[in-house]
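Encoded as structure tokens, the structure appears first; notes follow it.
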Amino acid sequence: MLAALGLAALAPRAGAARLTSLSRALTELDPPKEPPAFTFLTAKGEKRTLADYRDQGVVLNIWATWCVPCLAEMPALNHLSVLLNDFAVSVLPVSIDTKGLSAVKAYYTAQGIKSLPILLDPDGSIADAFKIDGIPASFIIDRRGRLVAQCLGAAEWDAPGAVATIRRLISGGNEPA
Amino acid sequence: MRLLRSLSAWRLAGIAGAAAAVMLLLPWPARAAASGWVGDRHAAARLITAERATGSAGMVDAGIEIRLASGWHAYWRDPGAAGLPPAIDWQGSRNLAAAKLAWPAPRRFTMAGLETYGYAGGTVLPVAVTLERPGAPLVLHATVAYSACRDVCVPYHAVLDLTLPAGIAAAGPEAGLIAAARAAVPGTLSGLGLSLRSASVSPDGKGRSALALELAGPGAMLARADLFVEGLPQGAPGPPQVATDGGQGRVALLLRDIDSPASRLAGRRLVFTLTDGTDRAATFEAEPALAPPAAFAGAALIPLAVLGAALLGGLLLNVMPCVLPVLSLKFLYLARLAGSERRTVRLELLATGGGIIAGFLLLAAGLIALKEFGAAIGWGIQFQSPWFLVAMTMVMVLFAADLWGWISIAMPGSNEAAALTGRVHGRHSRAVLVGLFATLLSTSCTAPFIGTAVGFALSRGPLEIIAIFVAMGLGLAAPTLTAAAVPALVKLAPRPGRWTIWLSRIFGGLLLATAIWLLAVLARIMSVDAALVVAGLALALLGVLAVRRTAGGPIGAHPRASGGLSAALVLAALLVPMTGLNSRPGVADASGNWQPFVRTSIAPNVARGRTVIVNVTAAWCLICQVNEVTVLDRDPVAARIARTDVLAMRADWTRADASITNYLESFGRYGVPLDVVYGPGAPGGIVLPDLMTAPEVIRALDRAAGEARAAER
């Protein structure tokens, strides 16, 4: 009886969706595009724009705590930011939660997300700027401030090879992968 | 979107057309009992009513219909892990006294290990509208906010308008939709022929809890049941395990791994919604009672098996590499004693045994104190302290000097007391110290059974900790105490001769090697500079002791001066941990196949079908190093871990790290090594043996990955 219960618990759940591999989820833009102008806020309420991350690569992720696919990839993004620690790439998850700071903070605390900054856009203007239908949506911006790749839906950000792909993209192809 | 909207308008026109003949006979103007759809091609919402007019009853059956494209879903009132349930604002409506929303039973969606509850394909949320003035027209103005998700989520904001004229409340074309939705709203348990016998919650020993419901009634229909719980402080549990007793009229439902401690759930009002896998559902409330899990029954007593494990583990520590160099000293001292009085030999052995047990009592006392202060505790955590490392380094140097005959640490029968060992006066103090240090060093190893015993002890109160640690001490001291009981055994030892001198030199070298190892650990915990400074001071100490010896024999020309200088060197070394020679707290380092440990990465990776291996290790844990060198970092395991479908994470516990301590505790462990393999076939993890072999690791990796392959077929 106990053994049967144990087996039932170990059996994979039907309908468990898996994250799409980054290489498949990512659409590279050739030629790169100028990103739209957008702003967002830090946890302290300070305004930020892309200019604040000049000379760095940026992985911009638009998400919300009520969005399951966003939550599904958040640990992978957290892990990615650890893996990118030494490479001058900022992983910037901007939440469009209308509840703002409290919702994001509660989620970070509950999930032990420690390597990502809290960034907010409660009126969702960033989603309008990028003209996206749904979230999560991610954009990779290279060191020259150009939009080089985008990704709609959740992706496996910490998959093997992801760091190399992102480094190649943000360096504008000047650095060997 | 426009295309779809016109299509549904055509469909409406069709239905309206079919009813046209009836309508023509009626004296009031026909009105569509539905607003237009507002949304896009993924999801849209509209307002509907069952009646064409307000009638005279003062009530109108309305509904919010949400249409969803294939693969999309919207959310129940409790969305589970995440989701925006539909929220409806009736502001701007006229002749509306109240609008009571009902929720059809949800179904479960699982994505990357996250459980959500909602509706696929579409749903109608019935709304019971009460009129302010029965018989007067009704103007409904609803602002509906909700989210719909597939691989992305979209927030929707639909403003819906519907006017219902005054007149006879004849059924409109949407009446059937609303009636079907009402039928899907959960009823009572008795409506399903069931009754609740008990609800209980119990801790699972990992900080989470399990909820159990026992129902009476025909259980067969619940074989595919699902259970949703509202009112939990946090978390969205997965599907229940259902056990029926084959016709006896009892059903048990068990929800495991609820992310709240049992104490927070006990007595809390929870709302349960039970679905039978078809279209019948019931909602009921219960306040679960706290129940001890079966495994914890009789927790007040220490199971004999645990004491046995402690004893056996202690015994096995005797042959572990952490203890062997120190305890082998014992053998040497005994050989030197051969031929002495039986009483001396016996006392010497008892002193070492006492030292060992005193060492375990010291460890137990330290751990109890730390636990009382709420600090993280564990087996071998003294190695995380630079003071301990420095002190043990200096002690090893002094013992080496003793073995080489440069100083004498309180030989039995000798009148000279060591100036350098805290002035421990006594005939058998060296024997006591050997036992004490053997114990302190032994914790850098874990022997088979030690993990079980320590895990049990540290999760309990002071009495249990002391009892189990003393049992481990008795195990480690068993060979010494046995020899003390039967001193004739000592006579079997060879007579001392030149070989004892050679052996002394070798053992002295081994102790210095131990000191070097301790310094290597210090280099990891503080910095290489700090380790080099301590190494310099230790060398200077050796130098002073050597000069002291050559200058004037064991007594020395200036015993006071050299003793003072040695004490100063030891003291200086102990000051090093207080200096700023700390390197910055390490950024988790990745090496080779291994990535830094991030606990939250485990579940999503497993949900994606990857196998995850977690290696919790520490520089001071000798068994961990053995595992790494002989198994983990060598083929075939290294090749297997390098594969892209395997995520290998290494958690370094060399320094104190609360998140790693928490992870260890989730397995009831308080020490390293801990190696766990996860995969679709083993989402809860397979714990590898402390001392592992390559085939065991490969088998565990296969098992963790294996069931996923079976499921894909």
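Scanning region B:73-84 for residues that are buried (at least 23 other Cβ atoms within 10 Å of the Cβ) and of a type in the set (A, V, I, L, M, F, W, C) yields B:ALA74, B:TRP76, B:ALA82. Filtering region B:87-108 for residues that are assigned to a loop (DSSP other than H, G, I, E, B), of a type in the set (D, E, K, R) and within 14 Å of chain A (Cβ to nearest Cβ) leaves an empty set. Checked against the criterion of being of a type in the set (Gly, Ala, Ser), within 14 Å of chain A (Cβ to nearest Cβ) and surrounded by fewer than 19 Cβ atoms within 10 Å (Cβ to Cβ), the candidates B:ALA148, B:ALA183, B:ALA120, B:ALA166 yield just one match: B:ALA120. For region B:631-666, filtered to residues that are small (Gly, Ala, Ser) and within 19 Å of the chain's Cα centre (by Cα), the residue that is farthest from the other protein chains (Cβ to nearest Cβ) is B:ALA656.
Would you confirm, using the coordinates I've provided, whether A:GLY112 is more than 11 Å from every other protein chain (Cβ to nearest Cβ) and free of Cβ contacts under 8 Å to residues at least 12 places away in the same chain?
Numbers: more than 11 Å from every other protein chain (Cβ to nearest Cβ): no; free of Cβ contacts under 8 Å to residues at least 12 places away in the same chain: yes.
Against the criterion (more than 11 Å from every other protein chain (Cβ to nearest Cβ) and free of Cβ contacts under 8 Å to residues at least 12 places away in the same chain), A:GLY112 does not qualify.
If you go through region A:116-145 and keep only what is more than 25 Å from A:PRO75 (Cβ to Cβ) and either within 14 Å of another protein chain (Cβ to nearest Cβ) or of a type in the set (D, E, K, R) (or both), you end up with A:ASP123, A:SER125, A:ASP128, A:LYS131, A:ASP142, A:ARG143, A:ARG144. Of all residues assigned to region B:191-208, none qualifies as being crowded, with 19+ Cβ neighbours inside 10 Å and within 13 Å of chain A (Cβ to nearest Cβ).
Can you tell me which residues in region B:560-576 are touching a helix residue (DSSP H, G or I) at 6+ places or on another chain (Cβ under 6 Å) and modelled with pLDDT under 80? Write out each step before concluding.
Keep residues of region B:560-576 that are touching a helix residue (DSSP H, G or I) at 6+ places or on another chain (Cβ under 6 Å), which gives B:562, B:565-566, B:569-570, B:572-574, B:576.
If the condition is that a residue be touching a helix residue (DSSP H, G or I) at 6+ places or on another chain (Cβ under 6 Å) and modelled with pLDDT under 80, then B:SER562 is the only one that fits.
Scanning region B:321-344 for any residue that is in the same structural domain as B:ALA471 (by TED's automatic domain parsing) and modelled with pLDDT of 85 or more turns up nothing. Just one of (1) buried (at least 22 other Cβ atoms within 10 Å of the Cβ); (2) more than 9 Å from every other protein chain (Cβ to nearest Cβ) fails for A:ASN78. It is (2). Among the conditions (1) surrounded by fewer than 23 Cβ atoms within 10 Å (Cβ to Cβ); (2) within 13 Å of chain B (Cβ to nearest Cβ); (3) in contact (Cβ under 8 Å) with a residue 24 or more places away in the chain; (4) not acidic (Asp, Glu), A:SER171 misses just one, which is (2). It is to be established whether one or more residues within region A:146-153 are more than 18 Å from B:ALA82 (Cα to Cα), among the β-branched types (Val, Ile, Thr), over 13 Å from the mean Cα position of the chain (by Cα) and within 9 Å of another protein chain (Cβ to nearest Cβ). No, there is no match, as no residue in region A:146-153 is more than 18 Å from B:ALA82 (Cα to Cα), among the β-branched types (Val, Ile, Thr), over 13 Å from the mean Cα position of the chain (by Cα) and within 9 Å of another protein chain (Cβ to nearest Cβ).
Screening B:ALA43 on (1) more than 17 Å from B:PHE228 (Cβ to Cβ); (2) within 14 Å of chain A (Cβ to nearest Cβ); (3) touching a Pro at 6+ places or on another chain (Cβ under 8 Å) shows it passes everything except condition (3). Looking across region B:52-72, the residues that are surrounded by fewer than 24 Cβ atoms within 10 Å (Cβ to Cβ) and in contact with a helix residue (DSSP H, G or I) (Cβ under 7 Å, 6 or more places away or on another chain) come down to B:ASP61, B:GLU65. Within region B:690-700, at least one residue is more than 10 Å from every other protein chain (Cβ to nearest Cβ), in contact with a strand residue (DSSP E or B) (Cβ under 9 Å, 6 or more places away or on another chain) and within 21 Å of B:LYS206 (Cα to Cα).
Listed here are the strands (runs of 3 or more DSSP E) enclosed by region B:205-281 that have at least 3 residues being over 22 Å from B:THR110 (Cβ atoms): B:209-216, B:250-258.
I'd like to check something: does region B:266-273 contain any residue that is among the small types (Gly, Ala, Ser), within 19 Å of B:PRO79 (Cα to Cα) and touching a residue at least 40 places away in the same chain (Cβ under 8 Å)?
Scanning region B:266-273 turns up no residue that is among the small types (Gly, Ala, Ser), within 19 Å of B:PRO79 (Cα to Cα) and touching a residue at least 40 places away in the same chain (Cβ under 8 Å).
Every test in (1) crowded, with 20+ Cβ neighbours inside 10 Å; (2) facing another protein chain (nearest Cβ under 9 Å); (3) in a helix (DSSP H, G or I) is passed by A:THR65 save one, and that test is (3). Out of all the residues in region A:47-61, is one or more farther than 21 Å from B:TYR75 by Cβ and within 14 Å of chain B (Cβ to nearest Cβ)? Within region A:47-61, one or more residues are farther than 21 Å from B:TYR75 by Cβ and within 14 Å of chain B (Cβ to nearest Cβ).
The values are calculated or read from the model by the stated rules, or taken from the named source; none is laboratory data. Because the structure is predicted, anything quoted here is derived from the model rather than measured. Positions of Cβ are backbone-derived with ideal geometry, glycine not excepted, and every protein chain shown enters the neighbour counts.
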